[in-house]
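First the structure, in the form of structure tokens, and then the observations on it.
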Amino acid sequence: MNCLPRVTRSVYVLSTIPKHRHFGKVGSQLRSQFHRGFATHSSTAGVSLAGETRPVTKIEKIILDTIKANGPVSFSEYMSLCLAHPTEGYYTKPLRDILGARGDFVTSPEISQVFGELIAVWFLTRWLTNGTSSPFRIVELGPGKGTLMADILRAFSQFQAAKVAIQEIHLVETSHPLRSVQEQALKPFIDELGLKIQWHDNLDTITSTDKQYTMVLAHEFFDALPFHLIEKSQNGWREIKIDSVSIKPETTTILKPPGSTTTLHKQTKSNTPTANSNFRLVASQPSPSSSLLGLASPRFKDLPIGTRVEVSPASFKIAHRIGQLLSTKAESSGLGGAALMVDYGGDHLHGDSFRAFKNHKLVDVFHQPGECDLTANVDFAFLKEAVSDLLLTHGPISQADFLTRMGIDVRVEALKSQASTERADEIEKAAKRLTDLTGMGKQYKVLGFTSAAVPGEDNGPWPFVKLEEPTTLKKSA
């Protein structure tokens, strides 16, 4: 089950790959590969695997050719190629219906309008609580078809103060066809509220301002950003990579000088290739780049030997940029603001969360590369570290707690009272799905950022306050 509006957040992947010395090689390889005659890789002819020939996807062929030319690829490279290749990537391939019942996952905004409405209420509360009467703008990362933003703007339009104050919408979106879809979905609200809408390829083109309060939303965005898989060994951190199968696919090796191989231990369920895969996992020797990945968080320092960690420098970079946009402490700081991140994950590191979805079913991450949705749990603690010197952080709390505390029950009852019996049942079922503690309500977490503390909120802003026990548990008791 993969319920996230991330139609285009992964086409943002390439622009988020850091250009620092230790990550520059990955970025340059990907960019050079993208600009090197991909037309020559369009064949889907079969490849030989243990004496058997089977068809491969276009992306699979590209990855295999890349490995043949340059050696094993990182999980970051694999994920970027599968999701964000300019013409064959999962999110970028034309005419792909990946959202809804006919696609590979369903999004929260598609399930119920109440989801977006309550997010809008939270943002307005932060704007009003901060005592500002200034204009505001809203930024969304990976806006998909514009459904969530439309629900938010509909809610804003019901408050006179918000109708007057909102001035701009900024959408981080690189797909021009999807920009057209978003523009059509938002046009009624743009016209009604007299808004200015701008699209951006990345957050770097959105600047801080002291004339507007800034709201930033990233719903199911960070889980599709590329990550590196590293493992702590006796000799330091080493990177686990993906190689092409040259012998039996169940054999995995550690990268060492020619003629020296060792079986890779502690394979994980989610990222271990199946018997009919063209890929296998290998581990490189500790290197400057893997050592730097191991230093990405102070939490990694005392982990035991054999621990694997999924590290996403791209996620850290984007979270830090959000911090710069909202901070009142940074250079060229603006008026401040607030942000919400809603995603899979937890307030801790992950080492075995990488997974793939096809037709609403969990499949092997190496199954039909480029044809499946790929996702990995978000390390919310890592995002908080990225803004620790810029913003206040709140949560994460479960989606169920966030929506329940924000008043989903009251809003649902109001909608039901104006609907037919059949429609009222649909509204109630949709709301229960969002807060289901055996599904979305527990799996998805909500993290908040704010630029400044507010008098009277010593325990944190609502609904991120610390209670004796979760709201949802009290309700079910």
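Coordinate-derived values only; no laboratory data. Remember, predicted model here, so these are calculated numbers, not experimental data. FYI the Cβ positions are ideal-geometry reconstructions off the backbone, even for glycines, and counts take in every protein chain you see.
Ranked by the mean number of other Cβ atoms within 10 Å of their residues, highest first, the peptides 165-175, 146-156 come out as 146-156, 165-175. Once Lys and Arg get +1 and Asp and Glu get -1 on their Cβ, which of 351, 327, 362 lies farthest toward the positive end of the dipole of the range 326-368? Ranked along the dipole, the leading option is 362. In a fully extended conformation the segment linking residue 348 and residue 291 would gain 18.5 nm over its present Cα-Cα distance, using 0.36 nm per residue.
Close amide H pairs (under 5 Å, H built 1.01 Å from N) link residue 142 with 172, residues at least 5 positions away or on another chain.
Based on alpha carbons, the Rg and Dmax found for the range 120-254 are 21.3, 67 Å. Amide H contacts of residue 216: 139, 338, 339, 340, each under 5 Å away and 5 or more positions distant or on a separate chain (H built 1.01 Å from N in the peptide plane; Pro and chain starts excluded).
For residue 205 and residue 302, calculate 0.36 nm times their separation in residues minus their Cα-Cα distance, and state this gained length in nm to one decimal.
Numbers: separation 97, 0.36 × 97 = 34.92 nm, distance 3.80 nm.
Going from the current span to full extension adds 31.1 nm.
Backbone N atoms of the range 179-199 closer than 11 Å to the 7 Å Cα→Cβ label point of residue 163 belong to residues 192-194.
Looking at the range 148-242 only, what percent of DSSP beta bridges run antiparallel? Nearest 5 please.
Roughly 50 percent of the beta bridges in the range 148-242 run antiparallel, per DSSP.
Taking amide H as placed 1.01 Å from N in the peptide plane, the amide H of residue 353 sits under 5 Å from that of 377, each at least 5 places away or on another chain.
What separates the Cα centres of the range 395-413 and the range 156-180 is a distance of 24 Å. One decimal place: the segment residue 69-residue 452 gains 132.8 nm when fully extended, by the rule 0.36 nm per residue minus the C-alpha distance. Modelled spin-label separation between residue 362 and residue 87, with each label point placed 7 Å from Cα along the Cα-to-Cβ direction: 3.6 nm.
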